[in-house]
Structure formats: C-alpha cells, structure tokens
Amino acid sequence: MTIWDQIYRPRKTDTIRYKGPHPERVYYHAYKLIKSVFNVPVGYIQEKLYNWEKEGNKERFTARWQVDKWLDKWTYIDWDIEIKGFSANGKGEVIVAIEPRLVTEYPQDTIFQQSILYEILRRLWHVIFYEKKREEFFEFGKALSEEWETKLKNFMAKLRAS
C-alpha cells in the first residue's frame, strides 16, 4: 500500500523563471544544489530526460530528474524537477519546475501482511504513532524544497547581475 502526499498543498508544481545571461548555467547549478541541499547519494538521483541541442550560437536544453530521499524504512521524499531553456548569443531563458511529494509504502508481500488483522493493526499503529512522524517528515520535506528553491533563485539573481 502506498500513501502519496503533495508537499505543496493544494497540489501544485512550483515554477521558477529566469531570463538573462547564461541560462545554461542554471542546469549545472540546479544539479549541484540537488546533491548539496537534499543530501542524497548520486544513485538516488535519476536523470529521466536529458536533451541538449546546439546549433551555432543557439542552445536548447531540457532535463528532468527524480530525486528520492529515504527518511526511514517506509517513507521517502520524492522530488520531480524539470528544467527547460534556451540560449542564443549568451542570453536566454530557463524555466525550472519542482514538485515534491511525501511517499509512505507499506509492504503487502506475505500472507499475513495481506490479512485483515495486519491491516487493522497497521492502521491503528499508523493513526496512533506514525501520523505524527509523517507530519515531521512533511515539514522537513517542505523546508528542504524551499531551501533548494531559495538557493536557486539567489544563484539566478547573481547570474542576472553579472
């Protein structure tokens, strides 16, 4: 059984736009921030899409990452991050979208885990003990997401000023 909760409620994808010099640098900095802010091993960062086209002085790029940060045996934060942009003669635009989710997975592999007794006990345990822990994880995921966005916006402001 899987429980999905959107960290940005109601469900939304947060979008950051940048227009100015060297938008391609946002791609490299976003990846660097994923590793440093989310503090996940490289194996938990999956680049689901990567397309970089270069033609003369023009560049067009798209990338999508899925980042998972395990918090305990059952729960992890899942970020979908997408970057789309273009550059012509050193100037251009980039759009970065982030959608964070808190995911809890309860196994149902054994016959006991598929029984009604297990489901009653699991539900009781979840409501009495684990729901509070999930709320802490939720706040942690929100703080990490906001920190990543803030640092990316700060980088974009410095890039624009240069």
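With among the hydrophobic types (A, V, I, L, M, F, W, C), under 24 Å from P41 (Cα atoms) and open to solvent by 40 Å² or more (accessible area, probe 1.4 Å) as the only criterion, which of F129, F140 stands out?
F140
In this structure, does Y76 turn out to be of a type in the set (F, W, Y) and assigned to a loop (DSSP other than H, G, I, E, B)?
It is false that Y76 is of a type in the set (F, W, Y) and assigned to a loop (DSSP other than H, G, I, E, B).
Restricting the search to segment 83-113, which residues are open to solvent by 50 Å² or more (accessible area, probe 1.4 Å), closer than 18 Å to M156 by Cβ and in contact (Cβ under 8 Å) with a residue 60 or more places away in the chain?
Residues satisfying the conditions are F86, K91, I95.
Only one of (1) free of Cβ contacts under 8 Å to residues at least 40 places away in the same chain; (2) farther than 28 Å from R134 by Cβ is not met by H29, so which one is it?
Result: H29 passes all but (1).
Report the residue count in segment 55-72 for those that are in a strand (DSSP E or B) and touching a residue at least 24 places away in the same chain (Cβ under 8 Å).
Residues meeting the conditions: 10.
Quick check on my filter: what residues within segment 62-82 are among the hydrophobic types (A, V, I, L, M, F, W, C), surrounded by 16 or more Cβ atoms within 10 Å (Cβ to Cβ), at pLDDT 95 or above and over 17 Å from L33 (Cβ atoms)?
L71
On the given criteria, is E59 open to solvent by less than 50 Å² (accessible area, probe 1.4 Å) and out of contact with any Lys or Arg (no Cβ under 8 Å at 6 or more places or on another chain)?
yes
Mind checking which residues of segment 39-54 are loosely packed, with under 11 Cβ neighbours inside 10 Å, part of a helix (DSSP H, G or I) and of a type outside the set (V, I, T)?
The answer is G43, and nothing else.
Checking K153 against (1) open to solvent by 90 Å² or more (accessible area, probe 1.4 Å); (2) outside any loop (DSSP other than H, G, I, E, B); (3) without any contact (Cβ under 8 Å) to a residue 24 or more places away in the chain, only one condition comes out false. Which one?
Condition not satisfied by K153: (3).
The values are calculated or read from the model by the stated rules, or taken from the named source; none is laboratory data. None of the values given here were measured: they were computed from a predicted structure. Here the Cβ is made from the backbone with ideal geometry for all residues, glycine too, and neighbour counts use every protein chain on show. SASA here: full protein model, heavy atoms, side chains in, ligands and nucleic acids out. Shrake-Rupley method; radii C 1.70, N 1.55, O 1.52, S 1.80 Å.
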